[in-house]
1. Consider P93 against the criteria (1) in a helix (DSSP H, G or I); (2) surrounded by 14 or more Cβ atoms within 10 Å (Cβ to Cβ): it satisfies all of them except one. Which criterion is unmet?
2. So, in the range 60-90, how many residues would count as being surrounded by fewer than 18 Cβ atoms within 10 Å (Cβ to Cβ) and in a loop (DSSP other than H, G, I, E, B)?
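Any read-out appearing in this document is the output of simple, stated calculations on the displayed coordinates, not a laboratory observation. Since the structure is predicted, the reported quantities are computational estimates derived from the model, not experimental observations. Because the Cβ atoms are built from the backbone with ideal geometry, glycine has one as well, and the counts that use them run over all protein chains shown.
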Amino acid sequence: MITTDDALASLCEAVRAFPAIALDTEFVRTRTYYPQLGLIQLFDGEHLALIDPLGISDWSPLKAILRDPSITKFLHAGSEDLEVFLNVFGELPTTPD
């Protein structure tokens, strides 16, 4: 379980060794206009990481991964995940050209 900024930074550095990752978000949409992030699941082909957003204040390492067009991102229920990323990070993952 990733619960600190340092752990997130270490995870994101390790993920850069892989050409693709799978991402899935869990969120709550009760009595709110926007989904409230509850968990991010990230799989790099070998390791599964669960990222608890409550302990994270510096999202820049994950945002850098999402921006990196050399890392292919696979999303489950992509339209919902994209809405969460846009709401939480203010941007969408970059796609390859």
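1. With respect to (1) in a helix (DSSP H, G or I); (2) surrounded by 14 or more Cβ atoms within 10 Å (Cβ to Cβ), P93 is out only on (1).
2. 6
Each row is one residue, and each column tells you yes or no for (1) over 20 Å from E91 (Cα atoms); (2) of a type in the set (S, T, N, Q); (3) under 14 Å from the mean Cα position of the chain (by Cα); (4) in a helix (DSSP H, G or I).
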{"site": "A17", "(1), (2), (3), (4)": "yes, no, no, no"}
{"site": "D24", "(1), (2), (3), (4)": "no, no, yes, no"}
{"site": "Y34", "(1), (2), (3), (4)": "no, no, no, no"}
{"site": "L37", "(1), (2), (3), (4)": "no, no, yes, no"}
{"site": "E46", "(1), (2), (3), (4)": "yes, no, no, no"}
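One line per residue, one yes/no per condition, for (1) of a type outside the set (G, A, S); (2) without any contact (Cβ under 8 Å) to a residue 24 or more places away in the chain; (3) over 20 Å from D6 (Cβ atoms):
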position	(1), (2), (3)
E46	yes, no, yes
L50	yes, no, no
W59	yes, no, no
D68	yes, no, yes
T72	yes, no, yes
E83	yes, no, yes
L86	yes, yes, yes
